[in-house]
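Here's the structure, in structure tokens; my notes come after.
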Ligand SMILES: [Ca+2]
């Protein structure tokens, strides 16, 4: 997509975000320590499937399609780049690799996180106006759809088309407990689902506690020496 369209879409979504109590912030760099799900570990219906190394579980309809293998076929776009297509159903998000997740017409799913997330992002395929996302943040729902800001017309046009929207949603000091994806048309495609846990990893928490312990030891030692 053109820079102007990208900028307009980002501005529109940021305006939307401002009215919706923080985030999403688009096209942010992936934070350090993020977990990325590339959907390479499974294939087919997502209902009940765990992703992100067990950090999230899907409930609902939706399908992980496999690159190659006959299920998808390689198509050319603008005679310059190739992309995998499940004819009439789904196109692999541009710059995604391997398997990808698809919600077809009328499909939806909730992704519940085992622990709250501070950040979520994903590579969004052709950003259609009938693609809907709800981000559940401590009981509040931030919702938007692909058509906000005139971003997309759903065309899979390759290098100059709508396939190139890579959208990230960064929150600061908040916790995201679940995501809901829904498509009212063909289709909502995504890959590289990315999260950052909102709570410290046990390892880093132990380091903090160890650090506090060391401070306490030094303080006691100074008191003993001084007193
Ligand atoms: Ca993938």
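The values are calculated or read from the model by the stated rules, or taken from the named source; none is laboratory data. The structure displayed is predicted, hence computed values, not measured ones. Neighbour counts are summed over all protein chains in view; Cβ atoms, including those assigned to glycine, are modelled from backbone coordinates with ideal geometry.
Miscellaneous remarks
- Flag if residue 84 is within 16 Å of the ligand (Cβ to nearest atom), surrounded by fewer than 24 Cβ atoms within 10 Å (Cβ to Cβ) and modelled with pLDDT of 85 or more: yes
- When 113, 94 are screened for being within 16 Å of the ligand (Cβ to nearest atom) and touching a strand residue (DSSP E or B) at 6+ places or on another chain (Cβ under 8 Å), only 94 passes.
Residue-wise test of (1) away from the ligand (no atom under 16 Å from the Cβ); (2) over 14 Å from residue 182 (Cβ atoms); (3) in a loop (DSSP other than H, G, I, E, B); (4) at pLDDT 85 or above.
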{"site": "118", "(1), (2), (3), (4)": "yes, yes, no, no"}
{"site": "121", "(1), (2), (3), (4)": "no, yes, no, no"}
{"site": "132", "(1), (2), (3), (4)": "yes, no, no, yes"}
{"site": "136", "(1), (2), (3), (4)": "yes, no, no, yes"}
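- Across segment 12-37, the number of residues qualifying as modelled with pLDDT under 50, loosely packed, with under 14 Cβ neighbours inside 10 Å and part of a loop (DSSP other than H, G, I, E, B) comes to 2.
- Every residue from segment 29-41 that is out of contact with any helix residue (DSSP H, G or I) (no Cβ under 6 Å at 6 or more places or on another chain) and more than 11 Å from the ligand (Cβ to nearest atom): 29, 30, 31, 32, 33, 34
- For segment 45-71, residues that are assigned to a strand (DSSP E or B), within 14 Å of the ligand (Cβ to nearest atom) and touching a strand residue (DSSP E or B) at 6+ places or on another chain (Cβ under 8 Å) total 4.
- Test: residue 72 is at negative phi and buried (at least 16 other Cβ atoms within 10 Å of the Cβ): yes
- Restricting 40, 126 to those that are outside any strand (DSSP E or B) and either modelled with pLDDT under 90 or in contact with a strand residue (DSSP E or B) (Cβ under 8 Å, 6 or more places away or on another chain) (or both) reduces the list to 126.
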